[in-house]
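Derivation of every value follows stated rules applied to the coordinates shown; laboratory data play no part. Computed from a predicted structure; not experimentally measured. Here the Cβ is made from the backbone with ideal geometry for all residues, glycine too, and neighbour counts use every protein chain on show.
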Amino acid sequence: MSAVVLGWAVFLAPFLLVAAMGCATFRLLRGPRAQDRVLALDTLYVIAAMLLLVFGIRTGSSLYFEAALLITLIGFVATAALSKFLMRGEVIE
């Protein structure tokens, strides 16, 4: 039973994640404020990491898991830098 559920989840997850990426891209382009765009960018990198994790589960390769880890680390630093820039107007003090 659980193998069937996992098979369906691994099959449907990429389609749903791509739809979520489309919604986040719409919010990134549409706006209305810079804070909304930063949050949409944050959402995009999290969804991209989840998409890589789904591909890693599907193929059984650990390379996808390492790539997802790198994306999340770089995305976290980028989000923190953009948030600091929006609050203070400068990143490096």
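Things to note:
- 3J(HN,Hα) along the range 11-28: 6, 7, 4, x, 5, 5, 5, 5, 5, 5, 5, x, 5, 5, 5, 4, 5, 5 Hz, from the Karplus curve 6.51 cos²θ - 1.76 cosθ + 1.60 with θ = phi - 60°, whole Hz, x for Gly and Pro.
- Note on the range 2-88: with charges restricted to the Cβ of Lys and Arg (+1) and Asp and Glu (-1), its dipole about the Cα centre is near 340 debye.
- Short-range pairs are left out: with C-alpha atoms under 8 Å and at least six residues apart, the relative contact order of the chain is 24 percent.
- Potential lengthening between PHE76 and VAL4 on full extension [0.36 nm per residue; Cα-Cα distance subtracted]: 22.5 nm
- Residue (of LEU51, PHE11, LEU28) at the positive-pole extreme of the chain, dipole from beta-carbon charges: LEU28
- Phi angles of the range 69-84 translate, via the Karplus equation with coefficients 6.51, -1.76, 1.60 and θ = phi - 60°, into HN-Hα couplings of 5, 5, 4, 5, 5, 5, x, 5, 5, 5, 5, 5, 5, 5, 5, 5 Hz per residue; Gly and Pro are given as x.
- Considering helices alone, the calculated mean residue ellipticity of the chain at 222 nm is -31000 deg cm²/dmol, with DSSP H runs of length four and up weighted by -39500 (n - 2.57) and normalised per residue.
- Cα-only Debye scattering, the chain: base-10 log of I(q)/I(0) at q = 0.15, 0.16 Å⁻¹: -0.67, -0.74
- Between LYS84 and PHE26, the FRET efficiency from the beta-carbon distance, with R0 = 25 Å, is close to 0.45.
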